[in-house]
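In what follows, a structure is listed as structure tokens, so that the remarks can point back to it.
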Amino acid sequence: MPPIGPLWQRAASFAAHAHRSQIRKDNRTPYFAHPVRVAMAVRDVFECRDEIALAAAFLHDTIEDTTTDYDDLAEAFGTEIAACVAALTKNASLPEHVREPAYDRGLAEATWQARLVKLGDVYDNFHDAITTWGIEKIPGKNFERAARALRLAEQGQKDAGGAIERAMAIVHRMVEDARA
């Protein structure tokens with residue numbers, strides 16, 4: 001029997017279950033709020049309706065932050081989505097000086113959907129930082145992560161609908177407005 005319901009809805013349910021006991025760094029927000037906001041940024045802010053991108057947005061932290069692995073995602077959603085989420089996952093077993101360049105290489109070679117979700121992730125985390133610390137006290141690491149995501153987004157294939165270009169412009173403008 002084929003899966004029931006839209007792909008994004010099944011991905012949201014899967015991610016909600018996987019992140020069910022996690023809380024954001026503010027110690028009060030359920031973690032699942034973050035993947036929901038990333039998916040909403042991809043769909044509503046970046047104007048992308050691609051089902052792979054939306055499912056990956058909901059699932060983007062499941063391998064990195066839960067007991068979910070690539071095989072779990074491949075079985076539930078197929079290898080295309082599993083590969084997209086894997087590209088968004090840092091290998092915590094590697095030392096940082098090896099992990100970060102490996103992550104960048106993998107994301108640069110990944111599908112446009114993975115790079116778009118990364119921009120959505122940066123967009124949400126940046127807004128979280130503004131809410132937490134105020135625009136005048138955003139930690140420098142947020143600016144560095146945004147610049148890095150923008151560099152990676154420029155690489156590889158572009159999507160036919162222009163979502164990458166829209167997302168890059170929005171993230172770039174957000175960073176510039178925060179610096180002003």
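The values are calculated or read from the model by the stated rules, or taken from the named source; none is laboratory data. Just so you know, these numbers come straight off a predicted model, no measurement behind them. Note that we place each Cβ from the backbone using ideal geometry, even for glycine, and neighbour counts take in every protein chain shown.
Can you tell me how many residues in the stretch 148-180 are acidic (Asp, Glu) and within 18 Å of ASN125 (Cα to Cα)?
The number of residues fulfilling the criteria is 2.
For the stretch 145-162, enumerate the residues that are of a type in the set (D, E, K, R) and at pLDDT below 90.
ARG145, GLU154, LYS158, ASP159
Are any residues in the stretch 36-68 of a type outside the set (Lys, Arg) and over 19 Å from THR111 (Cα atoms), and if so, which ones?
The answer is VAL36, MET40, ASP44, VAL45, ASP65, THR66, THR67, THR68.
Taking only pairs six or more apart or across chains, which ones have beta-carbon atoms under 9 Å, a first residue in the stretch 22-37 that is without any contact (Cβ under 8 Å) to a residue 12 or more places away in the chain, and a second residue that is assigned to a strand (DSSP E or B) and of a type in the set (A, V, I, L, M, F, W, C)?
Correct list of pairs: THR29/ILE23; PRO30/ILE23.
Which condition does ILE52 not pass, out of (1) among the aliphatic types (A, V, I, L, M); (2) more than 21 Å from ASN142 (Cα to Cα); (3) over 15 Å from the mean Cα position of the chain (by Cα); (4) surrounded by 17 or more Cβ atoms within 10 Å (Cβ to Cβ), if it passes all the others?
For ILE52, the failing item is (3).
Spot the failing condition for GLU165; the list is (1) under 22 Å from ALA86 (Cβ atoms); (2) modelled with pLDDT of 90 or more, and only one is missed.
Answer for GLU165: the failing condition is (1).
Is it the case that the stretch 8-25 has a residue that's β-branched (Val, Ile, Thr) and either out of contact with any strand residue (DSSP E or B) (no Cβ under 9 Å at 6 or more places or on another chain) or under 19 Å from ALA169 (Cα atoms) (or both)?
no
Scan the stretch 122-180 for residues that are among the hydrophobic types (A, V, I, L, M, F, W, C) and on the phi > 0 side of the Ramachandran plot and jot them down.
Result: no residue meets the conditions.
Could you list all residues from the stretch 149-162 that are crowded, with 17+ Cβ neighbours inside 10 Å and out of contact with any Lys or Arg (no Cβ under 9 Å at 6 or more places or on another chain)?
LEU150, ASP159
Go through the stretch 1-18 and give me each residue that's within 16 Å of ASP65 (Cα to Cα) and touching a helix residue (DSSP H, G or I) at 6+ places or on another chain (Cβ under 7 Å).
If the condition is that a residue be within 16 Å of ASP65 (Cα to Cα) and touching a helix residue (DSSP H, G or I) at 6+ places or on another chain (Cβ under 7 Å), then ALA11, ALA12, PHE14, ALA15, ALA18 are the ones that fit.
Give the residue that is farthest from ILE52 (Cα to Cα), with candidates limited to residues of the stretch 20-39 that are surrounded by fewer than 16 Cβ atoms within 10 Å (Cβ to Cβ) and of a type in the set (A, V, I, L, M).
In this case the residue turns out to be ILE23.
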